[in-house]
Every structure is written in structure tokens, then in C-alpha cells.
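To start, the structure itself, in C-alpha cells.
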Protein chains: 2
Amino acid sequence: MSDLLAIGAVAEATGVSVSTLRYYDQIKLIAPTGRVGGKRRFDPASIGRINFVRRAQATGFSLEEIRAILDDSDGNWNEMVADKLAALRSQRGELDVTIRMLEEVSHCGCQVVAECPRLPGPC
Amino acid sequence: MSDLLAIGAVAEATGVSVSTLRYYDQIKLIAPTGRVGGKRRFDPASIGRINFVRRAQATGFSLEEIRAILDDSDGNWNEMVADKLAALRSQRGELDVTIRMLEEVSHCGCQVVAECPRLPGPC
DNA sequence: GTACAACCTCGACCTCACTTGAGGTCAAGG
DNA sequence: CCTTGACCTCAAGTGAGGTCGAGGTTGTAC
């Protein structure tokens with residue numbers, strides 16, 4: 001009658017710990033389909049959603065943002081994803097700047113970055 | 001005699017708040033040159049270091065990592081930067097995966113991402 | 001000589017994403 | 001009957017990176 005999953009099975013299927021799953025339920029990110037004898041029962045489709053959560057998290061989305069994307073019914077998530085993409089690109093640009101800055105410092109002959117008197121200007 | 005700066009001047013020059021500068025002093029990330037009447041006095045070169053901190057932070061380094069780079073005397077920071085670059089690249093890859101996943105979902109005709117029965121598989 | 005801004009310390013508090021611990025329930029197996 | 005294991009709740013703790021407020025001092029201006 002039920003192909004619903006216990007929390008432990010979901011944890012095993014997703015690699016997410018049981019306590020994290022309870023936490024996700026608590027913050028209403030991933031809710032179980034129902035309860036049997038007080039115990040959470042999850043639809044197998046939850047596994048897909050949880051995988052989505054982890055993947056989105058890995059790309060820099062907060063749980064709040066992820067919930068907004070999951071629950072969005074107006075197509076706004078396209079915009080959110082675009083924003084995040086822009087943020088990541090900007091972060092990449094920052095890295096490039098930092099690397100160049102460090103390269104400059106390394107050409108200074110300074111033993112220690114903190115002691116370089118030419119931070120962050122050109123050497 | 002002293003072209004040393006008060007904490008407020010440093011805050012203004014860097015855009016970092018006074019309380020954050022005190023915090024940086026507390027965690028020994030950016031120390032004042034000395035004290036005059038109990039008040040912190042900063043070398044103008046601190047501004048460069050603080051700018052470096054913010055820039056490194058923006059690219060994803062933690063304050064601990066930044067301190068390690070600043071204080072490094074063995075050339076290990078090159079490696080740290082390379083590691084961070086790799087991490088950023090991997091993050092970018094994750095974003096690409098997420099975007100593709102969301103595009104798949106959007107072609108499903110699902111109103112709400114959370115309700116798509118095909119997460120995270122192909123539509 | 002007193003007002004005022006800018007500084008000081010110390011400890012508490014905040015957000016995020018969890019983890020941990022104490023104490024309790026429930027069904028199956030020996 | 002008793003243990004084991006998987007589950008439950010609720011509260012508190014963690015760590016990063018700060019912020020805030022109370023209460024106190026310092027230095028300059030009028």
C-alpha cells in the first residue's frame with residue numbers, strides 16, 4: 001500500500017544525515033508526506049528534491065533561496081538563477097584580481113605578504 | 001612625528017566599520033602599530049592590508065586563510081590560491097549542472113519546481 | 001571647566017546550517 | 001521479559017564573521 005520511505009531510508013538514498021532531514025522538515029524545506037505512528041514517511045520523489053537542494057547548495061544558494069526556487073510558481077526562479085550566475089561570475093573576477101595582486105606582491109621580493117609596503121598598489 | 005591613523009580614519013579609508021576593525025585586531029588579523037592613550041594607531045600601510053583582506057574575502061577566502069596568506073613566509077600562499085581557484089572552478093561547474101537541471105524542469109510544464117515528479121532526472 | 005566626539009573594553013547577541021544530547025516511544029527478535 | 005535499533009521531541013551547542021549596548025576614558029574646542 002505504501003511505497004513511502006522512512007527517514008533512515010531517505011538519508012541512505014541521498015547521503016543526507018537523518019538529523020539534517022529532520023532539520024529540513026523543521027524549516028519546512030522538505031516535508032514528509034505524512035506520519036505513521038508519529039514517524040515521518042517520505043514520498044520517493046523527495047529524494048529528487050533533496051538531491052536538488054544539495055546541488056543548489058553546492059552552487060552557492062542558501063536554503064532560503066532554494067526554498068524560494070522550489071516553491072516559486074511565477075517563473076521567478078529563472079531570475080534568481082541568473083542573479084546567482086552573475087554573482088558567481090563576479091566572484092570569479094574577484095579571484096582574478098586577487099591572484100594578480102598576489103603575483104604583484106610576489107615580484108616585490110617581500111618575504112611575507114603582510115610586510116609588503118606596496119599592498120595593494122602596483123609593485 | 002606620526003602619520004599614524006586613528007581607527008575612524010582607517011574605517012573611512014577602507015569602508016570597513018570601526019567595530020569590524022576592532023574585531024580584526026581582536027582576532028589578530030590586522031593589528032595597530034601601537035597605542036596612544038589607549039587608542040589604536042594604524043600605519044597607513046594597514047589600509048593596503050585591509051583592502052587585501054576584503055578582496056580576498058570577496059573571492060571566498062576565510063579570515064583564517066587570509067591570515068595564513070598574509071603571514072606566510074614559505075611561499076605556500078601560491079598553493080592556497082591555486083586551491084581556491086580550483087574550488088571556484090568546481091563551484092562554477094556545479095552552477096552549470098544546476099542551471100541545466102532547472103532548465104529540464106522548466107520544460108516539464110510543472111508550475112512549481114517542488115512538484116516536478118522528474119527531479120532531478122531528465123524530463 | 002565643561003561639552004562633545006571619538007575612542008576604549010567586555011560581554012551578549014545575531015544568522016546560517018547544522019549537530020549533539022537528554023530523555024522517551026515503539027515494534028521485532030531472542 | 002528484555003534488549004536493540006530506529007525513530008521521536010526539544011533545547012542547547014558549534015563556528016564564522018561580525019554587530020550592539022552599556023558604561024568608562026581621552027583629547028580638543030569654546
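Brief remarks follow.
- Nearest 10 degrees, 0 to 90: helix B:45-58 Cα axis against chain B principal axis: 10 degrees
- Under 27 Å of direct C-alpha separation, and excluding same-chain neighbours fewer than eight residues apart, B:LYS28 reaches these lysines: B:LYS39, B:LYS84.
- Over chain A, the Kirkwood radius and the radius of gyration, each from Cα atoms, give a ratio Rg/Rh of 1.26.
- A 1.4 Å probe run over chain A, with the rest of the protein chains in place, finds 55 Å² accessible per residue.
- Carbon + sulfur, % of accessible area of the protein assembly as shown - ligands and nucleic acids excluded, 1.4 Å: 48 percent
- Folded to 0 to 90 degrees: helix B:77-106 orientation relative to chain B principal axis, Cα: 30 degrees
- Taking θ as phi - 60° and the Karplus parameters 6.51, -1.76 and 1.60, the scalar couplings of segment A:16-27 work out to 9, 5, 4, 5, 5, 5, 5, 4, 4, 5, 4, 8 Hz in sequence order, x denoting glycine and proline.
- Short to long, the 10 Å bins of the Cα pair-distance histogram for the protein assembly as shown hold 7, 24, 22, 18, 16, 9, 3, 0, 0 percent of all pairs.
- Between chain B and chain A, roughly 3500 Å² of accessible surface gets buried, counting both sides and using a 1.4 Å probe.
- Charge sum, other residues only, whose C-beta stays under 12 Å from B:LYS84's C-beta, Lys/Arg counted +1 and Asp/Glu -1: -3
- Dipole of segment B:6-123, positive direction: furthest Cα of B:VAL36, B:PHE52, B:VAL113, with charges on the beta-carbon: B:VAL36
- Most mobile listed residue (A:LEU95, A:LEU21, A:LEU29) in chain A, GNM with C-alpha springs under 10 Å: A:LEU95
- Our helix-only sum for chain A, with -39,500 (n - 2.57) per DSSP H run of n ≥ 4 divided by its residues, gives a mean residue ellipticity at 222 nm of -18500 deg cm²/dmol.
- Segment B:1-71: C-alpha pair distances exceeding 21 Å, %: 19 percent
- Relative contact order of chain A, defined on C-alpha pairs under 8 angstrom at six or more residues apart (%): 16 percent
The values are calculated or read from the model by the stated rules, or taken from the named source; none is laboratory data. Keep in mind that this is a model prediction, so the values were computed, not measured. Here Cβ is always computed from backbone atoms with ideal geometry, including for glycine, and neighbour counts include all displayed protein chains. We work out accessible area using only protein heavy atoms, side chains counted, and drop any ligands, DNA or RNA first. Shrake-Rupley method; radii C 1.70, N 1.55, O 1.52, S 1.80 Å.
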